[in-house]
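Coordinate-derived values only; no laboratory data. If you're wondering where the values come from, they're calculated on a predicted model, not measured in any experiment. For neighbour counting, all protein chains shown are included, and Cβ atoms are generated from backbone atoms with ideal geometry for every residue, glycine included.
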Amino acid sequence: MADEPVDDGWAEALQNQKSGGKSTGGADWGGSQAAGFEELSDSPAAQGGAGSHNLDFLLDIPLEVTVELGKSSMVINRLLQLTQGSVVELDKAAGETVEIYVNEKLLGKGEVIVINDRFGVRITEIISQADRIKNMG
C-alpha cells in the first residue's frame with residue numbers, strides 16, 4: 001500500500017530483520033543489510049596499528065585553554081564610568097590559585113608565574129576524572 005504509515009514500515013522491517021526474511025510489501029527499504037563492524041581488541045598490535053593513526057588525528061585538534069584570575073560584578077552605571085586606567089578589583093587575592101579551563105570545562109588549578117616578562121600558569125592540581133565528568137553536564 002502506498003499510504004502505509006511509516007511506523008508500520010519500521011515494524012515490518014524490524015520483524016523481517018528478526019526473521020531473516022525479505023520485505024513482502026509495504027515500504028521499500030532498499031535491500032538493507034546488517035552493518036559490519038571490526039572487532040575491538042586490547043592487544044598491543046591493535047593499539048599500535050591503525051589505532052595510532054586515529055589518535056594522531058585527535059592529537060591535532062585545537063583546544064582553547066583559559067585561566068581565570070578572578071571575577072567582579074558591578075552595576076551598569078559603574079561599568080559605564082570605567083575609563084582607561086580604571087582599576088577593577090577581583091574577588092581573588094594576589095598569590096591565590098587560579099582556575100584552568102579547557103574548552104570552558106574546569107581542568108584544574110594553578111598559580112600565576114612570570115617568565116621573561118610573560119605570564120604563565122604552573123599547574124598545581126588537576127581535578128579527578130570523576131569530577132571532570134560531573135562538570136561536563
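Estimated from the Cβ-Cβ distance and a Förster radius of 41 angstrom, the FRET efficiency linking Val75 and Glu38 is about 0.10.
Dipole orientation for the stretch 65-136: of the candidates Gly85, Val114, Gln129, Gln129 has the Cα lying most toward the positive pole (charges on Cβ; Lys, Arg +1; Asp, Glu -1).
Remark on Lys92: its backbone amide H falls under 5 Å from those of Lys71, a criterion applied only to residues 5 or more positions apart or on other chains, H modelled at 1.01 Å from N. When Ile76, Ile126 are sorted by how many other C-beta atoms sit within 10 angstrom of their C-beta, beginning with the fewest, the order is Ile76, Ile126. With bins 10 Å wide beginning at 0, the percent of Cα pairs of the stretch 65-136 falling in each bin runs 17, 37, 31, 14, 1. Note on Ala93 and Ile123: the model spin-label points, each 7 Å out from Cα along the C-beta direction, lie 2.7 nm apart.
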